[in-house]
Structure formats: C-alpha cells, structure tokens
Amino acid sequence: MSPRAAWRLERLGFDRVYDYVFGKVDWIAAGLPTVRAPGGEPRAIDVADRDPVTCSPGNQLRDVPVGQTAIVLNDEGIVLGRVRADRSGELDRIAEDVMEPGPATVRANEPLDPLLARMERRGVAEMVVTTPEGRLLGVVRRG
Amino acid sequence: MPTPVDRTEVLRLLDEEGAQLAEALPRGEYDEEHLEGAIHLPLKQLDAETAAVLDRGRPVIVYCWDAL
C-alpha cells in the first residue's frame with residue numbers, strides 16, 4: 001500500500017517522496033516511539049529493564065558490575081552473549097571466554113503475557129529484547 | 001520515482017532533513033497505533049486536497065503496516 005501512496009504523492013507534485021518499506025511492524029519491533037490507543041495488550045518492551053548490566057567481549061569479569069547477568073555487546077550494541085550473575089570464580093577471565101553465546105531474544109513488540117507464560121514453563125528467568133538487527137533494547141525479568 | 005528506505009534512513013531523514021511521516025492505512029489502524037509524529041493520509045482518500053496538510057518543502061516518508 002505505501003508504494004502506491006508514494007507514487008500518488010509524486011503524481012500530486014511532491015518531489016522528495018520515500019517509501020518506508022517495512023513500515024509500522026519494523027518500527028514497533030525496534031522499540032521506537034509510537035502513539036497507541038489505550039487498552040492494547042502489553043509488550044515486552046513495556047516492562048523491560050532498559051539499562052541492564054552490559055560489557056564488551058574483552059572485558060575482564062572483575063570489571064563487570066555484579067548482581068545481575070551481564071549482556072555482552074560488540075561496539076555496535078549487538079548482543080553476542082550473556083554472562084551469568086555468579087562470576088565469583090572467574091574474575092580473571094574475559095567475558096568472551098565464559099559467556100553463553102547467542103542467547104534467545106525477542107523483539108520489542110512481543111506480547112508480554114504469552115512471553116512470561118513461556119518463560120515460566122521453561123524455567124527462564126530473563127529474556128533479552130533486541131531490535132530485528134540484534135541491537136540490545138533491554139531485558140525482561142520474570143517475577 | 002519514490003525511494004525505498006529502511007529504518008536507518010528513515011531516522012536520518014527525520015533527524016537531519018525534517019522529513020514528514022505519513023501513514024497510508026485506514027483510520028482504524030492509524031488510531032490503534034501509529035509512529036510518533038505521523039499524520040494520517042489514507043491511500044483511499046489521497047488527493048490534492050488531503051495531501052495539502054503536507055509541507056511541500058520537506059521530504060515525505062510514507063509507510064503502511066509492512067512490506068506485504
């Protein structure tokens with residue numbers, strides 16, 4: 001539909017017309033701001049911790065704040081892995097060597113209630129939320 | 001010819017060139033949820049009169065639900 005609207009605008013004399021091909025679905029999945037009617041179902045991004053502990057692959061664990069799992073990110077903010085909260089025996093190692101690579105992720109618009117139910121069934125305490133490209137947006141924690 | 005763009009380019013156009021966002025979907029879908037700052041410009045009512053809400057001096061980014 002948007003390509004036809006874009007062509008129509010050109011026909012009407014607009015000379016700089018762009019078609020955002022992947023549209024609203026892509027925007028919402030990336031956690032970008034929208035205006036929503038009240039009463040919509042809650043989404044993962046609505047309750048996600050937007051500032052979780054993060055580190056680089058080369059960080060020594062002694063330099064990573066304790067108390068939570070740490071999300072391992074590259075320089076582009078892409079999720080590479082996750083390091084568990086209990087790091088006490090590995091403080092001299094670097095994140096890349098001890099991380100769980102490729103943790104499961106969901107998009108920002110993942111419906112929250114079914115997500116929490118799945119996490120409970122599988123005994124998953126937290127879920128990483130990313131953009132479609134894998135860039136960290138936050139972490140949803142159960143309970 | 002309209003230029004297809006991805007999200008990165010949309011954000012750049014908004015930030016650097018003052019682009020306008022226009023949703024081409026029907027009223028119900030726009031009311032349910034739309035991109036922050038987007039105006040409603042449904043395809044079925046798109047003519048010179050309804051398009052007059054747009055600023056001709058700025059880029060226009062049109063979107064709908066997805067690529068399908």
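The values are calculated or read from the model by the stated rules, or taken from the named source; none is laboratory data. What you are looking at is a predicted structure, and each value in this text was computed from that prediction instead of being measured. Reconstructed Cβ throughout: ideal geometry from the backbone, glycine too, with neighbour counts over all protein chains shown. Heavy atoms of the whole protein, side chains included, go into the accessibility calculation; ligands, DNA and RNA do not. Shrake-Rupley method; radii C 1.70, N 1.55, O 1.52, S 1.80 Å.
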Could we say that B:Arg12 is part of a loop (DSSP other than H, G, I, E, B) and farther than 16 Å from A:Arg4 by Cβ here? no
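Okay, residues lined up against (1) surrounded by 12 or more Cβ atoms within 10 Å (Cβ to Cβ); (2) in contact with a helix residue (DSSP H, G or I) (Cβ under 8 Å, 6 or more places away or on another chain); (3) among the β-branched types (Val, Ile, Thr):
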{"position": "B:Gly18", "(1), (2), (3)": "no, no, no"}
{"position": "B:Leu21", "(1), (2), (3)": "yes, yes, no"}
{"position": "B:Asp31", "(1), (2), (3)": "yes, no, no"}
{"position": "B:Leu35", "(1), (2), (3)": "yes, yes, no"}
{"position": "B:Ala52", "(1), (2), (3)": "no, no, no"}
Could you list, in sequence order, the residues of region B:19-68 that are part of a helix (DSSP H, G or I) and under 9 Å from the mean Cα position of the chain (by Cα)? none
Failed condition for A:Gln60, given (1) surrounded by fewer than 18 Cβ atoms within 10 Å (Cβ to Cβ); (2) away from every other protein chain (no Cβ under 11 Å); (3) closer than 21 Å to A:Leu137 by Cα, with all others met? (3)
Which numbered condition in (1) hydroxyl-bearing (Ser, Thr, Tyr); (2) more than 8 Å from chain A (Cβ to nearest Cβ); (3) in contact with a helix residue (DSSP H, G or I) (Cβ under 9 Å, 6 or more places away or on another chain) is the only one that B:Tyr63 fails? (2)
Sole miss for A:Arg122 among (1) in contact (Cβ under 8 Å) with a residue 40 or more places away in the chain; (2) surrounded by fewer than 16 Cβ atoms within 10 Å (Cβ to Cβ) is condition (1)
Can you tell me how many residues in region A:50-109 are within 27 Å of A:Ala30 (Cβ to Cβ) and in a strand (DSSP E or B)? 16
Within region A:22-36, restricting attention to residues that are part of a loop (DSSP other than H, G, I, E, B) and open to solvent by less than 40 Å² (accessible area, probe 1.4 Å), which residue is farthest from the other protein chains (Cβ to nearest Cβ)? A:Gly31
For region B:22-37, how many residues are of a type outside the set (D, E, K, R) and within 8 Å of chain A (Cβ to nearest Cβ)? 5
Among the residues of region A:38-68, which ones are over 20 Å from A:Leu112 (Cβ atoms) and in contact (Cβ under 8 Å) with a residue 24 or more places away in the chain? A:Thr54, A:Cys55, A:Ser56, A:Pro57, A:Gly58, A:Asn59, A:Gln60, A:Leu61, A:Arg62, A:Val64
